[in-house]
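The values are calculated or read from the model by the stated rules, or taken from the named source; none is laboratory data. Not measured: the values here are computed from a predicted model. Every residue, glycine as well, gets a Cβ built from its backbone with ideal geometry; the counts of neighbours run over all protein chains shown. Please note that ligands, DNA and RNA were not included when accessible areas were found on the heavy atoms of the full protein model with its side chains. Shrake-Rupley method; radii C 1.70, N 1.55, O 1.52, S 1.80 Å.
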Amino acid sequence: MARSPKARPLPRAFFRRDSRVVAVELLNKILCGADGRSGRIVETEAYCGSLDPAAHAYRGKTARNATMFGPAGHMYVYFSYGMHWCANAVCGEVGEGVAVLLRALAPLTGVEAMRAARPKAHRDRDLCSGPARLTQALGITGVLDGSDLVTGAGGFRIVDDGTPPPAEPVVATRIGISQAMDELWRWYVPDDPNVSRR
């Protein structure tokens with residue numbers, strides 16, 4: 001997987017916490033694909049299971065959302081609005097049903113492959129600026145649901161190259177939901193051009 005020599009995989013314990021904590025600390029970590037495509041995470045949203053009417057897990061476990069209730073550090077991938085895939089990092093304890101939506105990346109490596117996957121993106125800042133663009137640019141589909149972001153089983157891993165989260169991330173409401181719209185559970189890197197919406 002493409003990553004700098006000092007990058008280290010995030011341990012399972014990193015994800016086994018409140019999704020609102022993990023969402024902030026995932027900022028500036030790197031999502032790496034086995035094919036060399038990677039990007040720095042610059043925008044996230046937390047979803048809080050039974051506490052959160054906007055979460056897929058709010059009403060309990062189903063075939064669609066089963067990965068959310070599994071071990072932390074796995075990737076929950078779902079099809080949204082019948083149009084595109086979204087990728088999440090599962091958090092918390094088994095059975096809790098909490099996760100962090102990966103909303104935007106700053107492309108790092110494999111940019112040519114990202115451009116080929118998203119030929120309508122006229123600027124590199126548009127390659128991964130939104131959850132649907134992100135998955136399209138990195139080739140993430142439903143077959144990767146349940147893959148392990150800690151071990152890399154399935155082809156994707158989240159690593160830490162030593163870049164800390166921003167000292168003062170921007171805090172905002174989540175996007176594209178119809179319930180719990182006032183919760184300030186979206187965070188992003190200030191002034192990053194790859195953020196999906198400011």
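May I ask you to verify whether LYS6 is farther than 23 Å from SER196 by Cβ, among the charged types (D, E, K, R) and free of Cβ contacts under 8 Å to residues at least 40 places away in the same chain? In short, no.
Kindly indicate which of ARG59, ARG40, ARG17 is at pLDDT 95 or above and in a loop (DSSP other than H, G, I, E, B).
Working: ARG59 fails: at pLDDT 95 or above; ARG40 fails: in a loop (DSSP other than H, G, I, E, B).
Answer to the check: ARG17.
In summary, strands (runs of 3 or more DSSP E) completely within region 105-192 and bearing 2 or more residues that are of a type in the set (A, V, I, L, M, F, W, C) and open to solvent by 20 Å² or more (accessible area, probe 1.4 Å) occur at 170-172. Residue count for region 75-104 satisfying the condition of being within 17 Å of ASN65 (Cβ to Cβ), of a type in the set (Gly, Ala, Ser) and crowded, with 21+ Cβ neighbours inside 10 Å: 5.
Across region 35-44, not a single residue is classified as within 17 Å of the chain's Cα centre (by Cα) and more than 22 Å from VAL189 (Cβ to Cβ). You will find that of ARG40, ARG20, the residue that is in contact with a Cys (Cβ under 8 Å, 6 or more places away or on another chain), within 23 Å of ALA172 (Cβ to Cβ) and touching a residue at least 60 places away in the same chain (Cβ under 8 Å) is ARG20 and no other. Of ALA132, ALA89, ALA54, all but one fail to be at pLDDT below 95 and of a type in the set (Gly, Ala, Ser); the exception is ALA54. Taken together, the residues in region 50-59 that are touching a Ser or Thr at 6+ places or on another chain (Cβ under 8 Å) and open to solvent by less than 40 Å² (accessible area, probe 1.4 Å) amount to 2.
Please specify each residue of region 114-132 satisfying the condition of being touching a residue at least 12 places away in the same chain (Cβ under 8 Å) and either over 17 Å from ALA89 (Cα atoms) or over 12 Å from the mean Cα position of the chain (by Cα) (or both). Within region 114-132, MET114, ARG115, ALA117, ARG118, ALA121, ASP124, ARG125, LEU127, SER129 qualify.
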